[in-house]
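The values are calculated or read from the model by the stated rules, or taken from the named source; none is laboratory data. Everything numeric in this text was worked out from a predicted model, so none of it was measured. Here the Cβ is made from the backbone with ideal geometry for all residues, glycine too, and neighbour counts use every protein chain on show.
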Amino acid sequence: MSRRAAFVFSGQGSQRVGMLDRLPDAEAAARLVEQAETLSGLPLGSIAANGPDAALADTRAAQPLLYIVDLLWARALAEAGVTPAVVAGHSLGEYAALAFAGVFDDETGLALICERSRLMAEAAAAAGGTMAAVLGMDRSSVANALDGIPGVWVANDNGPGQVVVSGTHAGIERALEALTAVGARRVVPLSVAGPFHSPLMAPAADAFAAVLAETPFADARVPVAQNTGAEPAVEADTLRQRLASQIISPVGWTATLEAFVSSGVEVQIECGPGSVLTGIVKRYPGLEGVSVETDGIERVREVID
């Protein structure tokens, strides 16, 4: 009997030059990249192939490219006979999870992502700011260290020993000093283009909520654990409501991992470029992590069988 598995979909920070190169369905990738270039007005195929890294880190490029890569790796697994019991995505990865689960079609998801990234880029340009990963501390300890520092918030609770903070450049600089002083092992700047998952993104969140309200959602074919609600759900209205608050809300990845364990999931399969989420789960008891791009489809099948 196969082990119960979850598909997880990578978020920003996983992008890299060459991220389209190993996709097994080059025709589908080319079709979606062409659509994304039309929607975004950016030469995404060239950026994915050649960079530079600064262009790839632009949220208007990173988001649609990651959506395409995440989704097509999951489709390749499904075609190979690997079936998840639940799916989840880290931040923008949630859109690939929802598309894979049949909540909306691939093209609708891509249109949502391109509009989301445009609105987030505008909000980030107006607000300024960035994000940083805090290693060696839990969420409550990080939150306590940030108390009283203006312009910085906990953005991601990724798992044991990895919390991400988001805010203004000044806020992040003060947070770095405070966190280091109270025992953070490292504070690492992230390759992102703004202070995502913070109140500074409110203009983007408000505008995008109106877009989501007009977008048809279907019930999911496989339960989806979301960043703002880790308990897996399939109902269209629930999925839409949770997604609407995602841009300004912290990513509750620890809660997602806990929901996996409580539902009997034994293996987390990362769909996307690289193995960022696989690295996180290796520090989490009760789950084994494997990356389809890094480890290959055959290795994934070995792990779950």
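Miscellaneous remarks
- Elements of type helices (runs of 4 or more DSSP H) contained in the stretch 97-202, each with 2 or more residues being without any contact (Cβ under 8 Å) to a residue 12 or more places away in the chain and more than 19 Å from residue 245 (Cα to Cα): 139-146, 169-181
- Subset of the stretch 258-272 [surrounded by 19 or more Cβ atoms within 10 Å (Cβ to Cβ) and either of a type in the set (Asp, Glu) or closer than 26 Å to residue 212 by Cβ (or both)]: 259, 260, 270, 271, 272
- Among the residues of the stretch 285-302, not a single one is charged (D, E, K, R) and within 14 Å of residue 157 (Cα to Cα).
- Of the candidates 210, 230, the single residue that is modelled with pLDDT of 95 or more and either in a helix (DSSP H, G or I) or not charged (D, E, K, R) (or both) is 210.
- Qualifying residue in the stretch 18-27 (condition: closer than 13 Å to residue 68 by Cα and assigned to a helix (DSSP H, G or I)): yes
- Test for residue 157: is it acidic (Asp, Glu) and under 17 Å from residue 11 (Cα atoms): yes
- Residue in the stretch 246-261 that is touching a Cys at 6+ places or on another chain (Cβ under 7 Å) and more than 30 Å from residue 203 (Cα to Cα) present: no
- Counting only helices (runs of 4 or more DSSP H) that fall entirely inside the stretch 38-91 and contain at least 3 residues that are in contact with a strand residue (DSSP E or B) (Cβ under 8 Å, 6 or more places away or on another chain) and closer than 25 Å to residue 257 by Cα, the qualifying elements are 59-79.
- Counting the residues of the stretch 262-292 that are of a type outside the set (Ser, Thr, Tyr), outside any helix (DSSP H, G or I) and in contact with a helix residue (DSSP H, G or I) (Cβ under 6 Å, 6 or more places away or on another chain) gives 11.
- Test result for residue 174, under 28 Å from residue 286 (Cβ atoms) and either among the β-branched types (Val, Ile, Thr) or surrounded by fewer than 19 Cβ atoms within 10 Å (Cβ to Cβ) (or both): no
- Test: residue in the stretch 147-163 that is in the same structural domain as residue 258 (by TED's automatic domain parsing), at pLDDT 95 or above, surrounded by fewer than 19 Cβ atoms within 10 Å (Cβ to Cβ) and not aliphatic (A, V, I, L, M): no
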